[in-house]
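Student: Can you read through this structure? Questions will come right after.
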Amino acid sequence: MEKNIKLMDESELKVGLVGNSDSPTIMLPVAKESVCGQEAEHLKLWGVDPESGKHFIEGLMDKFRILYFDYEGHRLQNPNPDNLTPEHIVKDLLTIADEMNVKKFSYYGYSWLALVGLQLAIRTDRLESLIMGGFPPIEGPYKEMMAVTYKTYEQALGKKNSPDIKGHDHMNPEKVDWDNIQVKIDTNQTKQFVTLYENLMDFDDREIQHKLSIPRLAFAGEKDTIVYGENFGSVTVDIIGILQKNKEVLEHLGWDIEIIKGNDMDHTRAMQPVTVVSLIKHWLIKCLNKSEELS
């Protein structure tokens with residue numbers, strides 16, 4: 001079943017729901033539309049699966065019901081520059097669940113959609129489990145990402161005729177010379193992420209951990225560290241370093257932590273279905289079996 005759902009800003013997002021209605025539901029806001037031809041070949045060069053949404057859905061729907069949509073793609077096409085706040089995003093996600101008649105669900109998000117999952121978890125009792133990929137649940141790099149997104153926004157405002165940085169380059173930033181690259185991107189697209197991180201500057205992700213009682217998993221690739229040059233704030237976004245440093249603390253708090261091994265497991269590679277689907281599936285099945293044993 002697919003349906004166009006009106007979000008908080010009145011834009012409409014295509015949402016799908018597949019799988020057995022008796023199965024537990026997973027919300028997948030990372031389910032991108034498939035692309036083909038030259039665009040697909042270009043994505044493959046950067047280690048990106050051009051049919052990632054399809055492969056996520058197909059890989060999970062034998063055991064789970066999948067509530068899927070491409071929230072990031074929607075926001076790039078329908079920017080919400082002044083109101084992309086945690087509150088508005090959570091309202092969007094709960095509206096989607098309501099419109100699709102889904103009462104309880106697990107959530108999987110990667111990168112900024114992972115931090116969105118944490119915001120969702122502390123604002124609703126409808127989550128059954130939470131999976132955060134490519135963003136640590138404690139000491140998240142909010143200030144670093146604020147610096148990067150603000151510098152990107154400044155460039156978008158001031159250098160509209162500069163050389164392009166392609167979207168697919170941005171998905172594999174380890175290959176980009178961050179000292180010299182210039183950005184040409186729609187100002188509203190990048191301003192909305194400035195709005196998001198501005199609204200997270202005072203967020204204390206340690207202080208909210210006591211609110212989390214559901215099963216939860218955090219993971220990252222062992223090479224998930226990005227060093228940005230002066231054009232992007234001269235900051236390092238060290239996802240894996242933060243996760244490894246806090247691994248014992250997180251496990252004590254009830255998180256399961258997975259480090260995806262491999263010399264190529266950077267931020268982009270560690271989000272691909274071929275890497276992630278089996279991890280998500282096995283962990284969720286383990287959680288289900290444990291809850292059945294307790295009941």
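Student: Tell me whether segment 42-62 contains one or more residues that are of a type in the set (Val, Ile, Thr), under 17 Å from the mean Cα position of the chain (by Cα) and within 20 Å of Leu130 (Cβ to Cβ).
Tutor: yes
Student: Which pairs have Cβ atoms under 9 Å, sit 6 or more apart or on different chains, and link a residue in segment 119-130 that is of a type in the set (Gly, Ala, Ser) to one that is assigned to a loop (DSSP other than H, G, I, E, B) and buried (at least 20 other Cβ atoms within 10 Å of the Cβ)?
Tutor: Qualifying pairs under 9 Å: Ser129/Pro215.
Student: Also, I was wondering about something else. Quick one: count up the residues across segment 72-95 that are touching a residue at least 24 places away in the same chain (Cβ under 8 Å), in a helix (DSSP H, G or I), surrounded by fewer than 22 Cβ atoms within 10 Å (Cβ to Cβ) and not charged (D, E, K, R).
Tutor: 8
Student: Now, a different point. Among what's in segment 258-276 and is of a type in the set (A, V, I, L, M, F, W, C) and surrounded by fewer than 18 Cβ atoms within 10 Å (Cβ to Cβ), pick the residue that is nearest to Thr225 (Cα to Cα).
Tutor: Ile259
Student: Just one of Glu51, Glu2, Glu41, Glu58 is over 23 Å from Ala121 (Cα atoms), touching a strand residue (DSSP E or B) at 6+ places or on another chain (Cβ under 8 Å) and of a type outside the set (Gly, Ala, Ser); which is it?
Tutor: Glu2
Student: I'm trying to understand the selection: among the residues of segment 44-71, which are crowded, with 17+ Cβ neighbours inside 10 Å, of a type outside the set (A, V, I, L, M, F, W, C), over 27 Å from Thr195 (Cβ atoms) and touching a Pro at 6+ places or on another chain (Cβ under 8 Å)?
Tutor: If the condition is that a residue be crowded, with 17+ Cβ neighbours inside 10 Å, of a type outside the set (A, V, I, L, M, F, W, C), over 27 Å from Thr195 (Cβ atoms) and touching a Pro at 6+ places or on another chain (Cβ under 8 Å), then Asp49, His55, Gly59, Arg65 are the ones that fit.
Student: Taking the stated definitions as given, is Ile239 at pLDDT 95 or above, closer than 16 Å to Tyr110 by Cβ, buried (at least 19 other Cβ atoms within 10 Å of the Cβ) and not small (Gly, Ala, Ser)?
Tutor: So Ile239 passes the test.
Student: Step by step: first the residues of segment 110-128, then only those that are touching a Leu at 6+ places or on another chain (Cβ under 8 Å) and within 19 Å of Gln189 (Cβ to Cβ), then the one that is surrounded by the fewest Cβ atoms within 10 Å (Cβ to Cβ). Which residue is that?
Tutor: Trp112
Student: Next question, about the same structure. Considering only residues that are assigned to a loop (DSSP other than H, G, I, E, B) and crowded, with 19+ Cβ neighbours inside 10 Å, which ones fall in segment 139-159?
Tutor: Passing the criteria: Gly140, Pro141.
Student: Would you tally the residues in segment 34-62 being assigned to a loop (DSSP other than H, G, I, E, B), closer than 20 Å to Thr275 by Cβ and not hydroxyl-bearing (Ser, Thr, Tyr)?
Tutor: Of the residues in that region, 9 qualify.
Student: When the residues of segment 27-41 are filtered to those that are surrounded by fewer than 15 Cβ atoms within 10 Å (Cβ to Cβ) and either modelled with pLDDT of 80 or more or under 12 Å from the mean Cα position of the chain (by Cα) (or both), which remaining residue is farthest from Glu99 (Cα to Cα)?
Tutor: Gly37
Student: Here's a follow-up. Could you please let me know if Leu212 is crowded, with 19+ Cβ neighbours inside 10 Å, touching a residue at least 60 places away in the same chain (Cβ under 8 Å) and within 22 Å of Ser129 (Cα to Cα)?
Tutor: Criteria not met by Leu212.
Student: Sticking with this one: Would you point out which residue out of Glu139, Glu198, Glu144, Glu222 is among the charged types (D, E, K, R), modelled with pLDDT of 95 or more and touching a Gly at 6+ places or on another chain (Cβ under 7 Å)?
Tutor: Just one listed residue meets the conditions, Glu222.
The values are calculated or read from the model by the stated rules, or taken from the named source; none is laboratory data. Quantities reported herein were computed from a predicted structural model and do not represent experimental measurements. Cβ sites come from the backbone with ideal geometry, for glycine too, and all protein chains shown count toward neighbours.
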